[in-house]
Structures are given as structure tokens and as C-alpha cells.
Amino acid sequence: MTYPRASRRRADPIRLSLARELGHDIDGAWWPRADRITNELPNLVAVLAPLLGDIISINVNWPPLQRPPDFNWPGWEGKRQHVMTINGCDACANLLIIPYATYSGLALMVLRRAANLPIDPGDRDKPAFLTAGSILHAAQQQRTQGVATTPPRNGRVSPRPGYAAGSRSRMADPT
């Protein structure tokens, strides 16, 4: 006897949030499961392609050997926040990269705040909410001041790509 294949949930879903309207300095966040984000990049592209159109480029604002700031301890404030710009045929999204080892409570709050998703009023006085707001503010300030640029291979900094508007919202599995 044959049974039809049921679609199954991925064993390791992409932890992603994306704002309903794109075109901001930060449109959402991505919380990779491991230090090597290249392993998860194909799955991220697969999730974003229906929302942004065919992905034509991915730009980052950090050099290859630069580690992301550690949000779990003081000192991240003075470091460049890692932002990835994904350009599709229809829209563009600027994603704040949450380091994989970030405590889950803080990471979930950064995911929600970066995509401007609702936050329970009881959580607004908690340290994770306040820290997530500071992380997001730092990343937005860097983007506004032009710090978030893409360092090409020749070492010179080129300006960040332009924005396009989008209209869909998504928060992939945050667990």
C-alpha cells in the first residue's frame, strides 16, 4: 500500500522575522542555528524568495573574519552590528543577524522587535525587551550613519543598496 507524502515541517526551521512593510534600516532579523551561516543560507533564500522575488544579491556589512557581537555580555554596544541585505526582483530586506549563541529569550525578543511584531505589555519592562531595543537601535543608527556598507574584496567600502517596498509579513519558526 502506498501513502501520499505529507508535507513535513523541517527539523531545523529558519528562525526569521520580517516586517509587514519593508524599506527600513532594519526590516527583520535572522537567528542562525550555527556559527557558519553559509550552511543555512540556501534555506533562508528559499524562505525569502516568495516574499522578495527571485534573490539577485546578498550583501553583508562585515568582513569575512569579523565575529558578530556577543549579545549575551556587555561590550556589544561598541561593535558593528551584522546586517545582511537580501535583494530580490520585487523587494529588498535588511536583516539584523542575531549571533547563534544568543540566549533564546533575548534572541526571540530581537526577532520580534526587529520586525515590529506585537510584544505582550507584561514583557515590556523585562531586561530582554530593553536589551533588544538597544541592539535594534544600535543597528538602525549604524545604517542611518552609513556604517552599514558592504566591504568588497578590494577593501574599499561601497554604499549600501537601495530599498524596495514589500507588503508581506512573516515570522518563521523562532524555536
Q. Regarding residue 143, is this residue part of a loop (DSSP other than H, G, I, E, B), of a type in the set (Lys, Arg) and at pLDDT below 95?
A. no
Q | Answer residue from segment 13-33, given it is out of contact with any strand residue (DSSP E or B) (no Cβ under 9 Å at 6 or more places or on another chain) and under 16 Å from residue 108 (Cα atoms) and is modelled with the lowest pLDDT among those | A | 13
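Here's a check for you: in segment 77-87, which residue that is touching a residue at least 60 places away in the same chain (Cβ under 8 Å) and not polar (S, T, N, Q) is surrounded by the fewest Cβ atoms within 10 Å (Cβ to Cβ)?
Start the filter on segment 77-87 by keeping residues that are touching a residue at least 60 places away in the same chain (Cβ under 8 Å), which leaves 77, 80-81, 83, 85, 87.
Then keep just the ones that are not polar (S, T, N, Q); that gives 77, 80, 83.
Details: 77: 11, 80: 17, 83: 26.
Checking each candidate, the answer is 77.
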(Q) As an exercise: evaluate residue 93 against (1) surrounded by 15 or more Cβ atoms within 10 Å (Cβ to Cβ); (2) more than 14 Å from the chain's Cα centre (by Cα) and give the number of the one condition it does not meet. (A) (2)
(Q) Here are the criteria: (1) surrounded by 21 or more Cβ atoms within 10 Å (Cβ to Cβ); (2) without any contact (Cβ under 8 Å) to a residue 40 or more places away in the chain. Tell me which single one residue 107 does not satisfy. (A) (2)
Q. Of the numbered conditions (1) of a type in the set (Phe, Trp, Tyr); (2) closer than 16 Å to residue 17 by Cα; (3) without any contact (Cβ under 8 Å) to a residue 24 or more places away in the chain, residue 100 satisfies every one except a single condition; which is it?
A. (3)
Q. Among the residues of segment 139-148, is any crowded, with 18+ Cβ neighbours inside 10 Å, within 15 Å of the chain's Cα centre (by Cα) and closer than 17 Å to residue 31 by Cα?
A. yes
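The values are calculated or read from the model by the stated rules, or taken from the named source; none is laboratory data. If you're wondering where the values come from, they're calculated on a predicted model, not measured in any experiment. Please note: Cβ atoms are built from the backbone with ideal geometry, for glycine as well, and neighbour counts cover all protein chains shown.
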